[in-house]
Amino acid sequence: MDPARHPSQATAYWLWRDIIRGVFQPNERLKVEHLSQFYDVGQSPVREAILTLSTSGLLTHEHLKGYRVAGVSLADYRDLLDIYQRVYRLALDMAFERGDAAWEERVIIQFHRSLRVQKVLPDGDPERREMWQIAYINLHRSLLAGCRSPILEAQFADLGGRLERYVNLYADLESDRLRDHHAEHRAIVDALMDRDVKRLTGLVDTFFETTQPVHNSIKAALRKLEGP
């Protein structure tokens, strides 16, 4: 995306990315003047970017005070995680039913692209970490795109962004260090292409269960943050 040709869209992406990364902290006020200087764009693109993200769940609006980065809480995280997994399963079931040959081809292409990207944890190189996160997200979005529901895909994207923010802010990812995501993804893709619903359901359940230590670490951090 060329910022010179599409400044509002570019700024919306940068702001979305930086909120998820934790560059802007929960409840931090988003001042147009500051963001304009931070991203080296005019104030109009910043205002449009904020409006673009206003329905993403990453921002909150206060009457006469403007926008803030959304707050965090244990209750919000639990709700978010539950709904994210339910939406994922629903979209995958619909992709299983509606996906055609063209969709299968796109999934295979995206999977092979993801194999060329090495998993990087937060203690690694930030740029390579972002490449891994993008490859991970793109693969899962391509899997669910077979549901052929723009509404459901948009909901999944928003939920995924909010969930990723919690991971970046609070997760202990040590349990993920030796996890072979590529092998797990290959098994899911194979089951989906074989149209083996029983195997696919079991693999997705296992995929979510294996991530449970990460979720537990986030919940522990939020409990500590909220206090007694």
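Cα to Cα, under 20 Å, and not fewer than 8 places away if on the same chain: which aspartates and glutamates meet these conditions relative to K198?
Straight-distance partners of K198: D93, E97, D100, E104, E184, D190, E209.
Pick out which of A191, A101, A49 has the largest mean-square fluctuation in a Gaussian network model of the chain, springs linking Cα atoms closer than 10 Å.
A101
So if I place +1 on the C-beta of Lys and Arg and -1 on the C-beta of Asp and Glu, and nothing else carries charge, what would the dipole magnitude of the stretch 1-58 be about its Cα centre? I want it in debye, nearest 20.
Approximately 100 debye in magnitude.
Picking from W14, W132, W103, which is most flexible by a Gaussian network model of the chain using Cα springs under 10 Å?
W14
Positive end of the dipole of the chain, charges at C-beta (+1 Lys, Arg; -1 Asp, Glu), about the Cα centre: which of A95, T201, F38 has its Cα farthest in that direction?
F38
Between L144, L163, L51, find the one with the highest GNM mean-square fluctuation for the chain; connect C-alpha pairs within less than 10 Å.
Of L144, L163, L51, the most mobile in the Gaussian network model is L51.
For V23, list long-range residues whose amide hydrogen, built 1.01 Å from N in the peptide plane, is under 5 Å from its own amide hydrogen.
none
Using R₀ = 35 Å, calculate the FRET efficiency as 1/(1 + (r/R₀)^6) where r is the Cβ-Cβ separation of R199 and D82; round to 0.05. Numbers along the way, then the final one.
Details: r = 24 Å, r/R0 = 0.69.
The value I calculate is 0.90.
Can you give the calculated 222 nm mean residue ellipticity of the chain, where each DSSP H run of n ≥ 4 adds -39,500 (n - 2.57) and the sum is split over every residue, rounded to the nearest 500 deg cm²/dmol?
On the way: 10 runs with 156 residues, N = 228.
So the helix-based figure for the chain works out to -22500 deg cm²/dmol.
So how strong a dipole does the stretch 70-228 carry about its Cα centre when Lys and Arg Cβ are +1 and Asp and Glu Cβ are -1, to the nearest 20 debye?
In debye, rounded to 20, the stretch 70-228 gives about 40.
I need I83, I20 ordered by Cβ neighbour count within 10 Å, fewest first.
I83, I20
Compute the acute angle (0 to 90°) between the alpha-carbon long axis of helix 150-170 and the principal axis of greatest extent of the alpha-carbon atoms of the chain; round to the nearest 10°.
Taking Cα atoms only, the helix is inclined about 70 degrees.
What's the FRET efficiency of L173 with L225 using the Cβ-Cβ distance as r and R₀ = 25 Å, to the nearest 0.05?
Computed FRET efficiency for L173 and L225 comes out at 0.90.
Quote the relative contact order of the stretch 74-226 in percent (integer), defining contacts as alpha-carbon pairs under 8 Å separated by 6+ residues. Mind dumping the intermediate values first?
Values: 121 pairs, mean separation 48.5, N = 153.
Reported relative contact order: 32 percent.
Less than 13 Å apart at the alpha-carbon level, and either on another chain or at least 8 residues along: which aspartates and glutamates does that give for K65?
Output for K65: E28.
Once phi is turned into θ = phi - 60°, what whole-Hz ³J(HN,Hα) does the Karplus curve with 6.51, -1.76 and 1.60 give for every residue of the stretch 28-45, x standing for Gly and Pro?
5, 6, 9, 9, 4, 4, 5, 5, 4, 6, 4, 9, 6, 9, x, 6, 4, x
I need the phi-derived Karplus couplings for the stretch 209-221: 6.51 cos²θ - 1.76 cosθ + 1.60, θ = phi - 60°, integer Hz, Gly and Pro marked x.
Listing the rounded values in order: 5, 5, 7, 4, x, 5, 4, 4, 5, 5, 4, 5, 5 Hz.
Read phi for every residue in the stretch 182-197 and hand back ³J(HN,Hα) as whole Hz from Karplus 6.51 cos²θ - 1.76 cosθ + 1.60, θ = phi - 60°, with x for Gly and Pro.
4, 5, 5, 5, 4, 5, 5, 4, 4, 5, 5, 5, 7, 6, 9, 5
Bear in mind these aren't lab numbers, they're just calculated from the coordinates by the rules spelled out. Quick caveat: nothing in here was measured; it's all calculated off a predicted structure. Methodologically, a virtual Cβ is constructed for each residue, glycine included, from the backbone with ideal geometry; neighbour enumeration extends over all protein chains shown.
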